[in-house]
Amino acid sequence: MTSFFSFLLHMHSGLRWLMLIILLVAIYKSFTGYAGNKPFTKSDNTIRLLTVILTHLQLIVGLILYIQSPLVKYFWGDFGSAVKQEAPMFFGLFHFLFMLIAVVFITIGSAKTKRRNTDKEKFKTMRGWFLAALIIILLAIPWPYLPSAGRPLF
Ligand code: HEM
């Protein structure tokens, strides 16, 4: 493993936590904001923006890892036998596809939130799209309990 790859892998692993924290804050704020008829403040907007920025940063790092990963190279190089193995299947297809969908959800959700006219609509839109993205992300993270695709928490 090259040191560049290893550096990016660590960055990708750490960024997961920053992403999850900011995403959870955004979802929490949209639930309480909606229920309490609160105004969509500047800080709510900053949280929305930060969520998108961190998500896109994670996507860029993920794409570079995808091009460099020996597991992904094996997946595309020997597709026939790779589809029968958990780790290459997970990173070559499942992780990549699900995370891409989650990134699209966050991007669309954020753009739609920005365009909504009322504060209530803004909270509702952000809540729906971001919550859906969170569920997908939680499903596609290589948690340590996965037999061979599992990775450390940090
Ligand atoms: C957007 C949310 C994402 C999260 C939370 C996430 C999370 C993670 C985590 C925790 C790891 C394990 C890191 C380690 O081994 O320490 C990982 C590995 C990886 N991720 Fe992601 N990821 C995301 C998106 C993506 C995307 C969009 C791609 C591809 C375009 C991608 C490609 C990869 C690859 C190739 C690996 C490493 C496979 C290997 O070990 O060779 N990730 N990801």
- Item | Rounded to whole Å, sorted largest first: equivalent-ellipsoid semi-axes of the range 64-154, Cα gyration tensor | 34, 14, 9
- Task: Counting only C-alpha contacts under 8 Å and six or more residues apart, can you give the relative contact order of the chain as a whole percent?
- Result: 29
- Message: Please compute the alpha carbon radius of gyration of the range 31-85, then divide it by the globular-protein estimate 2.2 N^0.38 Å. Two decimals is fine.
- Response: 1.97
- Given q = 0.13, 0.14, 0.17, 0.24 Å⁻¹, what are the Debye log10 I(q)/I(0) values for the range 87-128, with equal point scatterers placed on the Cα positions and solvent ignored? -0.39, -0.43, -0.53, -0.71
- Message: Between 0 and 90 degrees, rounded to the nearest ten: what's the tilt of helix 3-35 against the longest Cα principal axis of the chain?
- Response: 30
- Query: Can you give the percent of C-alpha pairs in the chain whose distance is more than 29 Å?
  - Reply: 25
- Task: In whole Hz, with x marking every Gly and Pro, tabulate ³J(HN,Hα) for the range 74-91 from phi via Karplus 6.51 cos²θ - 1.76 cosθ + 1.60, θ = phi - 60°.
- Result: 5, 4, 7, x, 10, 3, x, 8, 5, 5, 8, 10, 4, 5, x, 5, 4, 7
- Cα-based reach from K42 at 14 Å (exclusive), listing aspartates and glutamates while leaving out same-chain residues under 8 positions away: D119
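Readers should treat all values here as calculations from the given coordinates under stated rules, not as data from a laboratory. Bear in mind that the values here come from a model prediction, so they are computed numbers and not experimental data.
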